[in-house]
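Encoded as structure tokens, the structure appears first; notes follow it.
Nothing in this text is a laboratory measurement; each read-out follows from the coordinates by a stated rule. Here the structure is a predicted model, which means the values were calculated and not measured. When we count neighbours, we look across all protein chains shown, and the Cβ atoms used for this are built from the backbone with ideal geometry, even at glycine.
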């Protein structure tokens, strides 16, 4: 199936969804194969979705895309994290068994799909950011750590810390978290406390290594991070992985005050910061597990053709030409190809 990932502003009535869309509270909002109406598009705008997947050809069947972690698992994990976090905010008690169950499921799926790259664009409403971000970071961090050859015990410590890495923001005023303008010096100091606040809540309720992931995920390779200014040698390996996953997901997520970067824009930033902000080995592994051009992305090729990305592996990006002399042809692009992708087409 050829599907396109398009901006909400490009949606038109009669287009057909290629993937399910889940609502802010975990409910199934619209199913794949839904024919879009103006009212549906307006609802998606109201919920502040910025892009969705639609079919390129109406009669094509919906394909079961192999993902590192199933979409349904991501949705359920997000809802579980939200429920557990909201309870913890009032009781200071964390239902760690529910968190471990979620993390264990994510690890199982990642290990079962070790050769599958993170290649489907994330679709969620702005209201989902706080918890959806943490689940995404968990998935990306577990994938990266598996690529680095970490043990399952390490993955469990990492995944638990990664999914709870921003728990300290429960104590950060929402007015600061949602502020669209620049933070004042005082507000910035409040933000910088969240790793410590999270560590204090977690240290007696989860494995200490996991609590330190929350404590260290804003530390940087050269010691320029916070809250303690630790260098690479002083930082846990699982925290280094979480730092990269957290930064990448933050860069590529849409926020009310800015659009997120596309993967092909964010990955070079990580590469440039390797050896400065991030551990080089972690960045190299991370780049291997994320597709620069997700499925459905419309791209321009070096021969001038326009194509849609229809398949992604670690070595190859398969595209279908939609405009140009070879329209309709499939082309496999790899590092030795004569043809390559030069840009994304909006």
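Summary of computed values
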read-out	value
Matching entry among 67, 60, 72 (being in contact with a helix residue (DSSP H, G or I) (Cβ under 9 Å, 6 or more places away or on another chain) and more than 23 Å from residue 255 (Cβ to Cβ))	67
Qualifying residue in the range 100-113 (condition: assigned to a loop (DSSP other than H, G, I, E, B) and more than 21 Å from residue 4 (Cα to Cα))	yes
Boolean, residue 18 is over 30 Å from residue 164 (Cβ atoms), buried (at least 20 other Cβ atoms within 10 Å of the Cβ) and out of contact with any helix residue (DSSP H, G or I) (no Cβ under 9 Å at 6 or more places or on another chain)	yes
Evaluation of residue 301 against (1) crowded, with 18+ Cβ neighbours inside 10 Å; (2) within 16 Å of residue 121 (Cα to Cα) (one fails), failing number	(2)
Looking only at the range 253-262, and only at residues there that are out of contact with any helix residue (DSSP H, G or I) (no Cβ under 8 Å at 6 or more places or on another chain) and part of a loop (DSSP other than H, G, I, E, B), the one that is farthest from residue 295 (Cα to Cα)	257
The lone exception for residue 149 - which of (1) on the phi > 0 side of the Ramachandran plot; (2) touching a helix residue (DSSP H, G or I) at 6+ places or on another chain (Cβ under 6 Å) it fails	(2)
Among the candidates 243, 250, residue that is under 28 Å from residue 17 (Cβ atoms), assigned to a helix (DSSP H, G or I) and touching a helix residue (DSSP H, G or I) at 6+ places or on another chain (Cβ under 8 Å)	250
Qualifying residue in the range 209-217 (condition: in contact with a strand residue (DSSP E or B) (Cβ under 9 Å, 6 or more places away or on another chain) and on the phi < 0 side of the Ramachandran plot)	no
Subset of the range 192-224 [free of Cβ contacts under 8 Å to residues at least 40 places away in the same chain and surrounded by fewer than 23 Cβ atoms within 10 Å (Cβ to Cβ)]	192, 193, 196, 197, 199, 200, 203, 204, 208, 218, 223
Test: residue in the range 93-109 that is over 30 Å from residue 171 (Cα atoms) and without any contact (Cβ under 8 Å) to a residue 24 or more places away in the chain	yes
Flag if residue 200 is farther than 14 Å from residue 236 by Cβ and either part of a loop (DSSP other than H, G, I, E, B) or touching a helix residue (DSSP H, G or I) at 6+ places or on another chain (Cβ under 7 Å) (or both)	no
